[in-house]
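Undergrad: Structure below; questions to follow.
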Amino acid sequence: MCMCMRPSQVDRLAFSAIWTMDEDANLLSARFEKTVIASEAALSYEEAQLRMDDASKNDPLTCGLRTLNSLAKKLKEKRIAAGALTLASPEVRFKLDSETRDPTDVGMYTLREANSMVEEFMLLANISVATEITRAFPQCAMLRRHPQPTPGAFDALNRSLELHGHRLDASSSLALTQSLDACDKPNDPYFNKLTRILATRSMQQARYFCSGAVVPDDYLHYGLAAPIYTHFTSPIRRYADQVVHRLLAAIIGWEPVAHEMLDLAPMNDLCENLNLRHTMAQHAGRASVALHTLIFFRQRDVTEDAYIIKVRENGVVVLVPRYGIEGIIYTCQRGEPNPFTYDKKDDTLNAPGCRLQTFDRLRVRISVDATKPHRPKLSLVIVEPTLPTA
């Protein structure tokens, strides 16, 4: 199966993880081979989902998709039972004009069951490969770990959640999963997702590391509840996957491994450089989203729902789910008195007849401030509730 837009039935070179598993998704064996594949069909996630949902389709391809989806659901159940977290981040997707390449629409990326199906097998491949390369190269395997949250990481978030009758339990990943699931507000379906977004931001970043530089107990990927993990599935866009492919290729006798890849010091340096480059790529991605969003709104003035995700002494940071926009709204201009008083204990802004706190839903007006011709910026203004003035 190929979840892409490339033509099907074309021979393509691949590095395959091949498993034998029973109907309950228990892994019986795994092997890794250099292969030549000709995909049965080239499907987008949406096309795959439509096939699986269409009860009238019972061709071999569709039945195969349903079998894979059934196994993927069982794999996911096992991960969640082990304490894997279901986190969230505001992923933005743009539609671009075919000629000008300007954005014509912007919104949150829609995830379907088909996305989850592919994700589960990618995770299984990454875990399987991590186990194999560490077995063969215990001192120089390139792995990826997600450290446990630091003590007090959720304190600020919990102060906000307690105002809504909830609290996160970070004593273990399973306890955190269960407390995240319990964060619910019947009149606000976005409350749970927003909690997961803020919980994600309270955690440490996942990082590449060399197996010989860390004791095995610290290999843990906390978010996935996996004792060992690496990146294998995206060699066309991540250099780390290329390194892992070379180690795995050496294991199956395809090609010898380079001498420097067996030396702990240069591998450590490589991992640190990859971590730096990954952070820089994240910053570049966010800057790209900000630029495209600014272009999209330069001829628009719209009012949308937004949520407060952080409270400051002189304003609030809001997230607009419809567009994935995030920005700060000040409650007073520089040099002017602030009509609000900041309560550090509850992390709220208070004024007569008005209170602003994390998770509050607002209405904001979105436009572009072009008063400085060469430095236009996105403008967010709260229209509901009506803010007091000093």
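The values are calculated or read from the model by the stated rules, or taken from the named source; none is laboratory data. These figures come from a predicted structure and were not determined experimentally. Note: ideal-geometry Cβ built from the backbone for every residue, glycine included; neighbour counts use all protein chains shown. Ligands, DNA and RNA are excluded from the accessible area calculation, which covers all protein heavy atoms including side chains. Shrake-Rupley method; radii C 1.70, N 1.55, O 1.52, S 1.80 Å.
Undergrad: Evaluate the range 63-74: report whether one residue or more is modelled with pLDDT under 95, in contact with a helix residue (DSSP H, G or I) (Cβ under 9 Å, 6 or more places away or on another chain) and of a type outside the set (A, V, I, L, M).
TA: no
Undergrad: Looking at the structure I just gave you, is Asp269 free of Cβ contacts under 8 Å to residues at least 24 places away in the same chain and acidic (Asp, Glu)?
TA: Taking the combined requirement at face value, the residue satisfies it.
To keep it simple, each residue is scored yes or no on (1) of a type in the set (Val, Ile, Thr); (2) within 20 Å of the chain's Cα centre (by Cα); (3) closer than 30 Å to Cys271 by Cα; (4) in a loop (DSSP other than H, G, I, E, B).
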position: Pro138; (1), (2), (3), (4): no, no, yes, yes
position: Arg144; (1), (2), (3), (4): no, yes, yes, no
position: Leu157; (1), (2), (3), (4): no, yes, no, no
position: Leu161; (1), (2), (3), (4): no, no, no, no
position: Asp169; (1), (2), (3), (4): no, no, no, yes
position: Thr177; (1), (2), (3), (4): yes, yes, yes, no
position: Asp181; (1), (2), (3), (4): no, yes, no, no
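Undergrad: Which of the residues spanning the range 239-266 are among the acidic types (Asp, Glu) and touching a residue at least 12 places away in the same chain (Cβ under 8 Å)?
TA: Asp263
Undergrad: Just checking: which of the strands (runs of 3 or more DSSP E) contained wholly in the range 304-390 hold 2 or more residues that are of a type in the set (D, E, K, R)?
TA: The strands (runs of 3 or more DSSP E) meeting that bar are 361-369, 377-384.
Undergrad: Take Arg201 and tell me if it is in contact (Cβ under 8 Å) with a residue 24 or more places away in the chain and assigned to a helix (DSSP H, G or I). Give the steps one after another, and end with the answer.
TA: Values: in contact (Cβ under 8 Å) with a residue 24 or more places away in the chain: no; assigned to a helix (DSSP H, G or I): yes.
No; evaluated as a whole, the condition is false for this residue.
Undergrad: For residues that are among the basic types (Lys, Arg) and either more than 20 Å from Ala281 (Cβ to Cβ) or surrounded by 15 or more Cβ atoms within 10 Å (Cβ to Cβ) (or both), tally how many sit in the range 194-239.
TA: Residues in the range 194-239 being among the basic types (Lys, Arg) and either more than 20 Å from Ala281 (Cβ to Cβ) or surrounded by 15 or more Cβ atoms within 10 Å (Cβ to Cβ) (or both): 3 in total.
Undergrad: Does Ala55 qualify as being open to solvent by 80 Å² or more (accessible area, probe 1.4 Å), of a type in the set (A, V, I, L, M) and assigned to a loop (DSSP other than H, G, I, E, B)?
TA: For Ala55, the condition - open to solvent by 80 Å² or more (accessible area, probe 1.4 Å), of a type in the set (A, V, I, L, M) and assigned to a loop (DSSP other than H, G, I, E, B) - is met.
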